[in-house]
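The values are calculated or read from the model by the stated rules, or taken from the named source; none is laboratory data. Since we're looking at a predicted model, the values are computed, not measured. Glycine also receives a Cβ, built like all others from the backbone with ideal geometry; neighbour counts cover every protein chain displayed. To get the accessible areas, we keep the full protein, side chains included, count just its heavy atoms, and leave off ligands, DNA and RNA. Shrake-Rupley method; radii C 1.70, N 1.55, O 1.52, S 1.80 Å.
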Amino acid sequence: MLTQKMSIKGGGSYSLLPEGAYTCQIVDVNTVTGFNQFKGLEEEKLKYMFAVLDELKDDDGGSTRDRYLWKKCGMSLNEKSWLFKLAKGALGRDLTTEELAGFDPESLVGKQVKCLIDQKPSKDGTVWNNIISFSKADKKLAPVEYTAKPSVVEKSSSPIELPKSDQEVVDEFLTGLELDKHK
């Protein structure tokens, strides 16, 4: 139960990107946990963030450049997996056996890839942009400056000394008397 009144901001109003192919830069990757309805359990996925690099007009007349898209990828590198398709599109070629064996999800950050976007309605009727395929970027565009925020905040702690209870003080005093008695 909340002990105080919370102020929650409403979401902004964003126009959808028109359907089509966009050159995007992979700007960040984090892990997220979600329920896999096919396996019936929670699993960890990679969530890639993309910045659109194309300077086009969206449906409201604004620019498509610097708009963001996201894609969740399972932790699998096979020809049918989204992670494999993303890596292949970002590199512009198939991965070597060595690259597959030592794949680092962060190695794709900073690379450009062509993303094919459609508009997909959710179960509640809200329409979202959806990445439906990746391919090699046919032209390199000016990159965006993006500083990734750490997804895990590391904390360090050290033990504190608790005040001694009355019994502990008495016990230490008696121990000291016993030691003095034997000297």
Interchain or sequence-distant (5+) residues whose placed amide H lies within less than 5 Å of the amide H of Asp54 are Thr23
With the contact rule set at Cα under 8 Å and sequence spacing of 6 or more, what percent relative contact order holds for the stretch 37-85? 33
In order through the stretch 170-180: 3J(HN,Hα) via Karplus (6.51 cos²θ - 1.76 cosθ + 1.60), integer Hz, x for Gly, Pro: 4, 4, 5, 5, 5, 4, x, 5, 4, 5, 5
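Taking 0.36 nm per residue of separation and subtracting the Cα-Cα distance, what length does fully extending Ile132 through Asn30 add?
Extra length available between Ile132 and Asn30 comes to 34.7 nm.
Only sites in a loop by DSSP and with at most 16 other Cβ atoms within 10 Å count here; which GluC sites (Glu not before Pro) in the stretch 50-153 make the cut?
Within the stretch 50-153, the qualifying GluC sites (Glu not before Pro) (loop, at most 16 other Cβ atoms within 10 Å) are Glu55, Glu79, Glu145.
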Take the residue pairs Lys80/Lys123; Lys111/Lys139; Lys57/Lys85 and return only those whose Cα atoms are more than 21 Å apart. Lys80/Lys123; Lys57/Lys85
Using the Karplus curve 6.51 cos²θ - 1.76 cosθ + 1.60 with θ = phi - 60°, work out ³J(HN,Hα) for each residue of the stretch 82-89 in order, rounded to whole Hz, and write x for Gly and Pro. 5, 4, 5, 5, 5, 4, 5, x
Compute the distance in nm between two label points, each set 7 Å from the Cα along the Cα-to-Cβ direction, one at Lys39 and one at Ser81. 1.0
If DNA, RNA and ligands are ignored and the probe is 1.4 Å, what is the ranking of Ile132, Ile26 by accessible area, most exposed first? Ile132, Ile26
If r is the Cβ-Cβ distance from Glu55 to Thr97 and R0 is 30 Å, what FRET efficiency results, to the nearest 0.05? 0.20
Accessible surface ranking that places the most exposed of Phe84, Phe103, Phe35 first, with a 1.4 angstrom probe: Phe35, Phe103, Phe84
If DNA, RNA and ligands are ignored and the probe is 1.4 Å, what is the ranking of Tyr68, Tyr146, Tyr22 by accessible area, most exposed first? Tyr68, Tyr146, Tyr22
